[in-house]
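Reviewing the structure listed below.
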Amino acid sequence: RLFDLDPDLLPLFQYNCKQFASPQECLSAPEFLDHIRKVMLVIDAAVSHLENLSCLEEYLCNLGKKHQAVGVKVESFSTVGESLLYMLEKCLGSAFSPDVREAWSKLYGAVVKAMRRGWETLPEGD
């Protein structure tokens, strides 16, 4: 869904200097699948620390810095969030109520807000 929403994100996923010719090629690459696992681990950590997301603040800020360093734009996280909600809706079906959608949106928004601080805390001179 991610590349359907924003095909311009494909070039950001390069592993070992290899550019993917198509979204399908990227989606089947072991490195991309590993990246998706890492994304889901961050989501899992956020869910596990729902009552105290501030304990993940520094980690998420640093994660934001890493994403900025490889050329990810903050705006791209909206597309990722939309893709996450789409996947949840497809997997949960009728259990994906408006309240569940709102809860997931708020959680994802909190994660992105913390990551966004990575863009805001660049060292002087950068």
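If you go through segment 78-88 one residue at a time, do you hit one that is acidic (D, E), at negative phi, under 12 Å from the mean Cα position of the chain (by Cα) and open to solvent by 40 Å² or more (accessible area, probe 1.4 Å)?
yes
Taking segment 89-115, which residues are among the hydrophobic types (A, V, I, L, M, F, W, C) and closer than 16 Å to V42 by Cα?
W104, L107, A110, V111, V112, A114, M115 - these are the residues of segment 89-115 that are among the hydrophobic types (A, V, I, L, M, F, W, C) and closer than 16 Å to V42 by Cα.
Within the group A29, A46, A21, which residue is among the aliphatic types (A, V, I, L, M), open to solvent by less than 40 Å² (accessible area, probe 1.4 Å), more than 14 Å from the chain's Cα centre (by Cα) and within 22 Å of R1 (Cβ to Cβ)?
Exactly one of A29, A46, A21 is among the aliphatic types (A, V, I, L, M), open to solvent by less than 40 Å² (accessible area, probe 1.4 Å), more than 14 Å from the chain's Cα centre (by Cα) and within 22 Å of R1 (Cβ to Cβ), namely A29.
Sort out which residues of segment 89-111 are open to solvent by 90 Å² or more (accessible area, probe 1.4 Å) and of a type outside the set (D, E), and write them in order of number.
K90, C91, S94, P98, R101, K106
Filtering segment 54-77 down to residues that are among the aliphatic types (A, V, I, L, M), closer than 12 Å to M115 by Cα and part of a helix (DSSP H, G or I), which residue is least open to solvent (accessible area, probe 1.4 Å)? So that I can check it myself, show each step before the final result.
At the first step, the residues of segment 54-77 found to be among the aliphatic types (A, V, I, L, M) are 56, 60, 63, 69-70, 72, 74.
Those still in the list that are closer than 12 Å to M115 by Cα too: 56, 60, 63, 72, 74.
Right, trim to part of a helix (DSSP H, G or I) and you get 56, 60, 63.
Working: L56: 23, L60: 7, L63: 31 Å².
So, considering only residues that are among the aliphatic types (A, V, I, L, M), closer than 12 Å to M115 by Cα and part of a helix (DSSP H, G or I), the one least open to solvent (accessible area, probe 1.4 Å) is L60.
Return the pairs, sorted by first residue and then second, in which the second residue is assigned to a loop (DSSP other than H, G, I, E, B), the first residue lies in segment 70-86 and is under 11 Å from Y108 (Cα atoms), the beta carbons are less than 8 Å apart, and the residues are 6+ apart or on different chains.
As it stands, the answer is E82/R1, since those pairs meet every condition given.
The values are calculated or read from the model by the stated rules, or taken from the named source; none is laboratory data. In this text the structure is predicted, and so the values were computed from the model without any measurement. All Cβ positions, even for glycine, are placed from backbone atoms using ideal geometry, and neighbour counts span all protein chains on display. Just the protein is used for accessible areas: all its heavy atoms, side chains included, with ligands, DNA and RNA removed. Shrake-Rupley method; radii C 1.70, N 1.55, O 1.52, S 1.80 Å.
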